[in-house]
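Asker: Here it is: the structure, laid out below.
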Amino acid sequence: MSSKSYSPTNIEDKWYKHWMAQGFFNSTPDEREPFTIVIPPPNVTGILHMGHMLNNTIQDVLIRRARLLGKNACWVPGTDHASIATEAKVVNMLKEKGIEKNDLSREEFLKYAWEWKEKHGGIILEQLKKLGASCDWDRTKFTMDNDLYDAVIEVFIDLFNKGLIYRGVRMVNWDPQAQTALSDEEVVHKEVQSKLYYISYQIKDSSESLTIATTRPETILGDTAICINPNDERYKHLKGKKVFVPLIEREIPIIFDDYVDMEFGTGCLKVTPAHDINDYNIGIRHNLEVIDVLNDDGTLSEKAQMYVGQDRFKVRKDVAKELDTKGYLSKVEKITNKVGFSERTDAVIEPKLSLQWFLKMENLSKPALDNVMNDTVQFHPSKFKNTYKHWMENVKDWCISRQLWWGQRIPVWYYAEGTQDYVVAKTAEQALELVIEKTGNQKIEVGDLRQDEDVLDTWFSSWLWPISVFDGFKNPDNPDINYYYPTNDLVTAPEIMFFWVARMIIAGYEYKGGKPFENVYYTGIVRDEKRRKMSKSLGNSPDPIKLMNKYGADGVRSGVLFSSPAGNDLLFDEKLCEQGRNFCNKIWNALKLIQGWQTSDNKQPEYSKVATDWMNAKINKAIDEIDDHFEKYRLSDALMTTYKLIWDDFCSWYLEMIKPNYGDPIDNKTLDETRSILETLMQMLHPFMPFITEEVWSLLGKRDKQDCVMVSSWPEQKNIDNLILERGEIYQDIVSNVRNIRNTNGISPKETLTLSIKTTNQEIFKQLEGLIKRTANLSSIEYINEVMSDCKTFLVKSHEFFIPIEIDEQEERKRLEDELKYNQGFLKSVQGKLKNERFVQNAPEAVVAKEKQKMEDAMSKIKALEESLANL
């Protein structure tokens, strides 16, 4: 206890190693009630950012409290293989070595990928340990582990055999940088500044031309029709006509379709079926040719006829220039429009026709919708149910194939030229049996089979996470899955509600016949003080490791929780971490004060008994409030209640009440009770700030290795003694008023004062007299029946207090008049509430009674203030 201030670094390392050595994080099924959380697996490429800090702090708070409540707490950690992000990292790493991916075989590339994963893949999990994450590290999983890999393959085969997986050419979201298809949920739509180009198309055998507006002039090279609404009188004479595509002079028909909005632009639409989903649908209805003018990497293809091999954005500028030069461009407007970007690479998405694998979602998703809407799975906050409902009612088939090598390879085997003839099987040997059975050809060998080159979407593995981490597919009746599933709480961000949450619920009902978790706690987005989302590109996201080195893990944990209500964005300010560090120092100094007291066998004074009774009553009330906050997932409120209990009630009031006079000892009973109180406070604070609480706990008594606060018990909530709490409130008001009179009148704290009380209930003050005298430094307290003059006065509820000192009559009159005016306004507002019949009839009886008591107290105060003014 020699350290002046709390020094977290060594203490945090010491306790984390101790907890690990004692096996406190480990969980195996037993007779206790389980409490299970599966971590949202961070990308194996990832390093800790502020979003991880918030999410994992919340999970750790929930798991540590469950442990204290006597539950068998199991927090399963792990990482996600993150197909697109990891493959991009490996490709870049190879480029630095002068190696191109295309020069490698699949097996050679995967060897490099696994080497990269083994070298860099565990960084984020190690960083979580510094945060204090109490995960069962023996259960660490990776979505490409053999058992999890096998589960993904088995689920694909099962869904295919159920007729739910199919292959087809569809318009998909294409990422030209990653060169893979993306699901709709992996596309981020951003508002950008664009240009709208007005282009003239010459009508064949006519001097007329049609003007079309487009933001993408490079795609005119793939136009196969001009479309007009059949009800548009302006263009009815053009039925059966054709136009020439500018620059390449290809003839294309003018067609008529109700899809076209007559009021938008010129009422004429260029149709490019290969590069727009709406154009594609028009093309199907009118049997139009499909001309794909873009290669997979976003350069122009041979079919474009011009600018072949050049980048799409360069071609956009060059085409516009050439159209202008040759007289096809009538005007250009600046506009703001929404453009889709890849969530992973930030490349502009291209709508592209592609042969992909899809999962039918309509019927599969119904139980997942019903069981969120009926609260079988509860969302916190519940406002997210509406967003979930809208998405689930409009769910589209899921494009599950990705054109990558890193991931679970699709278990489809082709046995003839092309891709029309195939079977679905886990291994080549099993596929061969199916092929022979299907074709009757006994001469086909394993070497004749070709496995599909694509891998499955990363989310196709993580949607199975709550089941697969407990080996629920290979061994569906094993002790772990039977004990830990369904899990209790899922903590995640709203932006992956559809990527992950909805799909896990779908998988839960499909493969376990029930929900995968009881509750979903949605965190907010971490933003800076300017309300901007924290990101690398903006440079506004602090490094959590540096923050923890500066403020300690407890300081940062509490800092992110001080203002992070469920579902609402967190406005992060580094000052909050400083506040957390200051809180640690406050607790540390309180411990030093207590440990520095000398003791005696003296009898416990009455004022100490009153103080300990009050502090225990405050703790009891706080436990009730904190339990309620946890039940409603108001973790920020739970921390704030604990913070105020320790900082205000314990440090600022209680220790002041009981501390011995300078040089005097404290009695053993009060010291023992104070240590016990501090132990209880450490138990309550432990889920939020595990390191400081463990250190303080260890210094409050002799402990063996197993006697740690993290495996102690959550304090039991007893009946709340409102009389003691009310008495304590009166005491605080009296002392605060006396201290305020000293401050405003320049009276030294060392100078004793006398206090006179005019009250109809002396009993309430009798027990408080000793405490009031010593903390307000009063020589005497007397009771009077008449108002005193030439005194400083104050009111506590309906009781009047007088301190005889010289006063400025004018100043005192103004103070009393201001207080009278305030109380008259307060009384008016309370009376207005009580006159409202709806409030009186619908509000709980206790609430109405409290308002009536407020009214009576205000009326008593007003009467006393009027008397004081009359006596001036």
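The values are calculated or read from the model by the stated rules, or taken from the named source; none is laboratory data. Since this is a predicted model, take the numbers as computed values, not measurements. Neighbour counts are summed over all protein chains in view; Cβ atoms, including those assigned to glycine, are modelled from backbone coordinates with ideal geometry. Keep in mind that these areas ignore ligands, DNA and RNA; they rest on the heavy atoms of the full protein, side chains included. Shrake-Rupley method; radii C 1.70, N 1.55, O 1.52, S 1.80 Å.
Asker: Is it true that some residue in the stretch 131-143 is open to solvent by 60 Å² or more (accessible area, probe 1.4 Å), within 30 Å of residue 687 (Cα to Cα) and out of contact with any Phe, Trp or Tyr (no Cβ under 7 Å at 6 or more places or on another chain)?
Answerer: yes
Asker: Would you check which residues across the stretch 449-467 are outside any loop (DSSP other than H, G, I, E, B) and in contact with a helix residue (DSSP H, G or I) (Cβ under 9 Å, 6 or more places away or on another chain) and list them?
Answerer: If the condition is that a residue be outside any loop (DSSP other than H, G, I, E, B) and in contact with a helix residue (DSSP H, G or I) (Cβ under 9 Å, 6 or more places away or on another chain), then 451, 455, 456, 459, 460, 461, 462, 465, 466, 467 are the ones that fit.
Asker: Could you look through the stretch 2-52, keep only residues that are in contact with a Phe, Trp or Tyr (Cβ under 9 Å, 6 or more places away or on another chain) and aliphatic (A, V, I, L, M), and pick out the one that is most open to solvent (accessible area, probe 1.4 Å)?
Answerer: 20
Asker: Ok, one more. Consider the stretch 80-97. How many of its residues are among the aliphatic types (A, V, I, L, M) and open to solvent by less than 10 Å² (accessible area, probe 1.4 Å)?
Answerer: Qualifying residue count, the stretch 80-97: 3.
Asker: Follow-up. Sort through 495, 529 and tell me the only one that's in a loop (DSSP other than H, G, I, E, B), modelled with pLDDT under 95 and farther than 22 Å from residue 357 by Cβ.
Answerer: Within the list 495, 529, the selection yields 529.
Asker: Got a number for residues in the stretch 798-846 being in contact with a strand residue (DSSP E or B) (Cβ under 7 Å, 6 or more places away or on another chain) and either at pLDDT below 85 or over 14 Å from residue 861 (Cβ atoms) (or both)?
Answerer: The qualifying residues number 5.
Asker: Just one of 212, 226, 165 is free of Cβ contacts under 8 Å to residues at least 60 places away in the same chain and either out of contact with any Ser or Thr (no Cβ under 8 Å at 6 or more places or on another chain) or surrounded by fewer than 20 Cβ atoms within 10 Å (Cβ to Cβ) (or both); which is it? Walk me through it before giving the result.
Answerer: Details: 212 fails: either out of contact with any Ser or Thr (no Cβ under 8 Å at 6 or more places or on another chain) or surrounded by fewer than 20 Cβ atoms within 10 Å (Cβ to Cβ) (or both); 165 fails: free of Cβ contacts under 8 Å to residues at least 60 places away in the same chain.
Going through 212, 226, 165 in turn, the sole match is 226.
Asker: Next up: Find the residue count for the stretch 125-156, including only residues that are farther than 20 Å from residue 26 by Cα, part of a helix (DSSP H, G or I) and in contact (Cβ under 8 Å) with a residue 12 or more places away in the chain.
Answerer: 10
Asker: Going through 559, 663 one at a time, which residue ends up being of a type outside the set (Phe, Trp, Tyr), under 34 Å from the mean Cα position of the chain (by Cα) and either closer than 24 Å to residue 130 by Cβ or surrounded by fewer than 17 Cβ atoms within 10 Å (Cβ to Cβ) (or both)?
Answerer: 559
Asker: Take residues that are touching a Gly at 6+ places or on another chain (Cβ under 8 Å) and farther than 19 Å from residue 318 by Cα and tell me which of the strands (runs of 3 or more DSSP E) falling wholly in the stretch 178-231 contain 1 or more.
Answerer: Values: elements: 180-182, 187-203, 209-214, 225-228.
It comes to 187-203, 225-228.
Asker: Among the residues of the stretch 431-448, are any in a loop (DSSP other than H, G, I, E, B), at pLDDT 95 or above and out of contact with any Leu (no Cβ under 9 Å at 6 or more places or on another chain)?
Answerer: no
Asker: Considering only the stretch 449-461, I want to know if a residue exists there that is open to solvent by 50 Å² or more (accessible area, probe 1.4 Å) and not small (Gly, Ala, Ser).
Answerer: Yes - at least one qualifying residue is present in the stretch 449-461.
Asker: Restricting attention to the stretch 591-606, does a residue exist that is closer than 23 Å to residue 765 by Cβ, in a helix (DSSP H, G or I) and open to solvent by 10 Å² or more (accessible area, probe 1.4 Å)?
Answerer: yes
Asker: Scan 315, 260 and give me the residue that is surrounded by 16 or more Cβ atoms within 10 Å (Cβ to Cβ) and at pLDDT 95 or above.
Answerer: That would be 315, the only listed residue that is surrounded by 16 or more Cβ atoms within 10 Å (Cβ to Cβ) and at pLDDT 95 or above.
Asker: For the stretch 730-752, name all the residues that are part of a helix (DSSP H, G or I) and loosely packed, with under 15 Cβ neighbours inside 10 Å.
Answerer: Here is the first cut: in the stretch 730-752, the ones part of a helix (DSSP H, G or I) are 730-745.
Listed by number, the residues that qualify are 736, 740, 743, 744, 745.
Asker: If you check every pair at least six apart or on different chains, which have Cβ atoms under 9 Å apart with a residue in the stretch 816-835 that is loosely packed, with under 13 Cβ neighbours inside 10 Å first and a residue that is aliphatic (A, V, I, L, M) and in a helix (DSSP H, G or I) second?
Answerer: Between residues of the stretch 816-835 that are loosely packed, with under 13 Cβ neighbours inside 10 Å and residues that are aliphatic (A, V, I, L, M) and in a helix (DSSP H, G or I), the close pairs are 817/865; 817/869.
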